[in-house]
Amino acid sequence: MPCSRLVVALTAILALPIAGCGDDDEDSSTVASRGANVARPLVEGPVTGGNGAPFVAASLFDLAEIGYSQTEFFLSGTATSYANTSPLGLDGHWNVEPAASADYKTRILVHRPIDASRFNGTVIVEWLNVSGGLDAAADWIMAHTELVRSGYVWVGVSAQAIGVEGGTPLLPGLPVTPLKTHDPARYGSLVHPGDSFSYDIFSQAAQAVRQPNGVDPLGGLRAAAIIAAGESQSAFRLTNYVNAIHPLADIYDGFLVHSRGSLLPTPLSEAPQAVISTPGATRIRTDLNSPVLTFQTETDLTFLASISSRQADSEMFRLWEVAGTAHADTYTTVVGLSDRGDSLAAAELILTTEPVDGAPACSAPINSGPQHFVLKAAVAALNQWVREGTPPPNAPRLETMGMRLVRDEHGNARGGIRTPYVDVPIATLSGEGQFGTVFCLLFGTTVPFDAAKLAELYPTHDAYVDAYIESTDSAVAAGFILPADAALMKAAAAASMIGG
C-alpha cells in the first residue's frame, strides 16, 4: 500500500481454506430481488495509472501474501439526497423521500480471494472513514484476519466528499489528503457533489455488487449476502442510513454499526442542500427486515456519549459493549496494519504513548485492549444471523452509574463482554484517562501492573496461563471470541513472562 503508517494512523483508527463460491441458487435469487429502488451505477475498471496503486489507509503489505487481491473501480451515476416527511424522533422510525439529485463519480476498492473457491458468499461493504481527512478502511484493518481466513469479499466505498474532494475533517488539526489531491492523474475525473448524496452513493455501491452495470467488480463471484459496515464517523452515518434510507433502498442484508456516538449527530442533508439535522441520541428503529449489530467500546459510551442511545436487544437488533476497549487502540495504529493473521503481537500488551510515529505524544500509553478480537467474533455472528437466521448472543451491558462506568479493584470496567484482558488482567485497560487533543482522547489508556502486583496475582507462570486459558475458553463458549483467535491469544499468554 502507498500510505505511510503516519497517514494510516491519523485516521483514527492464518488464512484457512473455505469451501464454496457463494453461488447457492436460493441465496443468489434473494440477493437479486433486493434493492429494486436503487439505481445501477456504471462500473469502470480496474483502475490503473497515476502513482500505480490505490490510495487508502489500510494494510501495509501486499495482500497476495495472504491469498487476496486488491482492485479498484470507478462508480458513476446520478445520486439523490433525502428530506424527512415527518419529525425525526429518537426512536429512529424516520420517514424520508428523495429530494435533490446530482451526478457523481467515485471509487470502490475490492479485496477478494485469489482462489475463487475460497469465497464464502458474503460481501462486506465498508463506508470508508474520513475523520482524519482521507479514506481509511478502519473495519478492514481491525477485522481483516477473520475476513481473509473465512473467505469474505470486502468492498470499501469512498462515500463522502472529504475523501474525494477535500474539506474540513471531523478531527481538527489533521492533514487532509483527498484522492484528487494525492493522485490527480489517477483520480482527477472523480466528482463528489457533497455528503447529502453520500447515503444514495452507498446504496448504489451495493447495487454495483448485486447487479453490475458495466464491469463486474467481483470478477464473476456471486454474492449470497451483502453486509454494510462502518466505524466511527461512518457508524454515525450508517445509523442515519439504517433509520432513514434502508426502508426505501432495501439493498443491504445486514449492518455492522461500529463505534457510533451521540455527541456529534450527523446531518441527513447539509448545505448547499437543505440542512436537516438529526437527534444524536437516536436509537436503531425496531421494525427492520435486516439485522443490525451495534458494537461499542468504553470510549463510545462515555466520551462520545452513546450511553444516551442505549436500547434493549430485539428480534433484529443486538448491542455489544466490550470491557477494556477504546475507540481506537494499538491494534488500529501499530499492529493491525501489518498483521497477516499469525502474529503474537496481536494478542500482546503494546505500550506506546504515540498513536503515530513522530506525532505529539498522548498523556499516557494508549489502549491495548481486545477490541479487534471481539469485533471479529461480531462479524462472524452477524454473518451467521444474515445467512442462517441464527442471532448473535445477547451481551451484558457495561455497568454504569449515570454517565460513568463502574470499575473494579484493578480499574477495569465491570460488566460488558468479558475477555482475559479484563478478567485475568495484567494492566488497567480503559477507554478513558487521556488528556489533551481530541485525537488522544479517542485512544484510551493502558496502565501496566507493576512486578509486585503481577507476582501477587499470579504466583507462577502456570497460574497465569491456566487462568488465561479458562477465561478465554469462557469467552469462546459465550460467542465473543473465535476459536482461531483464542488459539493465538493462548499462545501469546504461554510465551509471556507473566507469573512468579
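The values are calculated or read from the model by the stated rules, or taken from the named source; none is laboratory data. Everything numeric in this text was worked out from a predicted model, so none of it was measured. Cβ: placed from backbone, ideal geometry, glycine included. Neighbour counts: every protein chain shown.
When residue 176 is tested against (1) part of a loop (DSSP other than H, G, I, E, B); (2) aliphatic (A, V, I, L, M); (3) buried (at least 24 other Cβ atoms within 10 Å of the Cβ), just one condition goes unmet, and that condition is (3). For segment 412-429, the set of residues classified as of a type in the set (A, V, I, L, M) and within 15 Å of residue 465 (Cβ to Cβ) consists of 424, 426, listed by residue number.
Restricting the search to segment 436-478, which residues are closer than 18 Å to residue 297 by Cα and surrounded by fewer than 18 Cβ atoms within 10 Å (Cβ to Cβ)? The answer is 438, 447. Residue 289 is checked against (1) closer than 30 Å to residue 72 by Cβ; (2) surrounded by fewer than 21 Cβ atoms within 10 Å (Cβ to Cβ) and fails just one. What number does that condition carry? Failed condition: (1).
Among the residues making up segment 320-360, a single one is surrounded by 24 or more Cβ atoms within 10 Å (Cβ to Cβ), modelled with pLDDT under 95 and assigned to a loop (DSSP other than H, G, I, E, B): 355.
Residue count for segment 361-389 under the criterion of being farther than 18 Å from residue 228 by Cα, surrounded by fewer than 19 Cβ atoms within 10 Å (Cβ to Cβ) and not aliphatic (A, V, I, L, M): the result is 1. Candidates 107, 112: the one that is touching a strand residue (DSSP E or B) at 6+ places or on another chain (Cβ under 9 Å), within 30 Å of residue 481 (Cβ to Cβ) and at pLDDT 95 or above is 112. Residues in segment 68-123 that are in a helix (DSSP H, G or I) and out of contact with any Gly (no Cβ under 6 Å at 6 or more places or on another chain): 116, 117.
Just checking, does segment 447-470 include any residue being under 25 Å from the mean Cα position of the chain (by Cα) and either at pLDDT below 95 or among the β-branched types (Val, Ile, Thr) (or both)? No, segment 447-470 contains no residue that is under 25 Å from the mean Cα position of the chain (by Cα) and either at pLDDT below 95 or among the β-branched types (Val, Ile, Thr) (or both). Restricting the search to helices (runs of 4 or more DSSP H) fully inside segment 181-266 and requiring at least 2 residues that are out of contact with any Asp or Glu (no Cβ under 9 Å at 6 or more places or on another chain) and either crowded, with 24+ Cβ neighbours inside 10 Å or modelled with pLDDT under 95 (or both) gives 198-210, 233-240.
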